[in-house]
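Everything on this sheet refers to the single structure shown next.
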Amino acid sequence: MDKIPFWEETYRNRDINAFSAEPNGTILEFEHLLRKDAVILEAGCGEGQNVRYLAKKGYSDIDAFDLSEAGISKLHWICEREGLQINAFTDDLAKFQFAKSYDLVMTFATLCFVEKDKWKHFIEDAKEHTKPNGIHIIHTFTNTVPTSPDIAPFAVGLADEGEIKDLYSDWEVLQFKTYVFDDEHPGVPKHQHAVNKLVVRKTGSYEIVNGTEYKEANVPPCLLIQTNRQAFAISLLPIIILHMSEYFRIIPPLNANSLYYAL
Ligand SMILES: C[S@@+](CC[C@H](N)C(=O)[O-])C[C@H]1O[C@@H](n2cnc3c(N)ncnc32)[C@H](O)[C@@H]1O
């Protein structure tokens with residue numbers, strides 16, 4: 001018989017939390033960047049501690065999926081009891097089809113259970129289906145430490161160190177953390193997981209297609225200053241330097257005469 005991941009058993013038990021009752025701390029850290037009408041997706045939500053937290057905070061457009069029927073069934077049960085509005089469904093990250101664009105896409109400790117080419121395809125698709133200034137929070141296990149026995153049979157897609165960050169070279173990196181932590185579960189000896197955690201924002205210049213779909217716009221570089229804050233700041237530099245030089249009299253004040261002599 002195929003081995004069943006340890007979380008399946010805890011998803012079936014409604015008296016305990018499979019992982020944590022609390023949302024991941026990175027959500028608390030970056031929540032201030034979300035508008036209240038944010039459209040949110042969690043891939044591999046398990047029993048949903050992250051999306052439940054966001055639903056309680058008033059976010060009402062939340063999609064969340066997981067491969068585990070037991071996990072989603074538990075999440076439905078909790079939502080019903082607590083009166084939470086979350087669109088939770090079973091789906092496979094390796095085959096997920098985006099039907100809309102999101103302001104926040106997040107996934108925690110899930111990508112490594114999907115083959116690498118498939119989770120990379122998911123990330124590419126998620127990037128395309130993210131609204132301008134949208135955020136991704138990606139937490140994934142890496143192959144920096146030996147794979148622990150609890151996940152070894154299932155961890156078919158462990159990331160190389162920094163690999164996830166490379167997929168976002170065209171986005172603004174708000175945070176990148178790499179660390180190893182000690183873990184323990186019933187029946188599994190103490191072990192370690194290595195993690196890459198990335199928070200990124202979609203920046204650049206965009207156009208709206210059909211009202212809802214967003215595509216990178218094909219605009220001349222000078223127009224990028226409208227939406228690219230870094231480029232905008234750089235474009236202001238010559239003006240600031242010119243004003244400072246005038247103030248300190250490094251160059252004569254700019255007037256018709258000085259311009260005439262300069263020419
Ligand atoms: C270690 S648990 C983490 C659960 C949750 N993200 C958390 O942080 O508490 C891994 C989760 O990934 C889910 N998972 C594994 N393969 C998946 C796939 N192909 N598509 C969607 N979810 C998957 C499992 O069912 C499980 O809920």
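No lab work stands behind these numbers, since they all come straight from the coordinates. This is a predicted model, so every value here is computed, not measured. With ideal geometry, Cβ positions are generated from the backbone for all residues, glycine too; neighbour counts draw on all protein chains shown.
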Quiz item: So, in nm, how far is label D91 from label A21 when the simple model puts each one 7 Å beyond its Cα toward the Cβ?
Solution: 3.1 nm
Practice problem: Could you please rank R14, R81, placing first whichever residue has the fewest other Cβ atoms within 10 Å of its Cβ? | Solution: R81, R14
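Just to verify a number: FRET efficiency for F181 and E82, C-beta to C-beta distance, R0 = 25 Å, to 0.05?
Details: r = 29 Å, r/R0 = 1.17.
Efficiency for this residue pair is about 0.30.
Can you give the net charge of the other residues whose Cβ lies under 15 Å from the Cβ of D15, counting K and R as +1 and D and E as -1? Each step should come with its number before you reach the end.
Values: positive: R12, R14, K74, R81; negative: E9, E47.
My count for the surroundings of D15 gives +2.
Indicate the gyration tensor shape class of the stretch 6-209 (rounded, prolate or oblate), computed on the Cα atoms with a ≥ b ≥ c the square roots of the eigenvalues: a/c under 1.5 is rounded; otherwise a/b larger than b/c is prolate and the rest oblate.
Numbers: a/c = 1.67, a/b = 1.13, b/c = 1.48.
Cα axes put the stretch 6-209 in the oblate bin.
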Quiz item: Tally Lys and Arg at +1 and Asp and Glu at -1 over the other residues with C-beta under 14 Å from the C-beta of T178: what net charge comes out?
Solution: -1
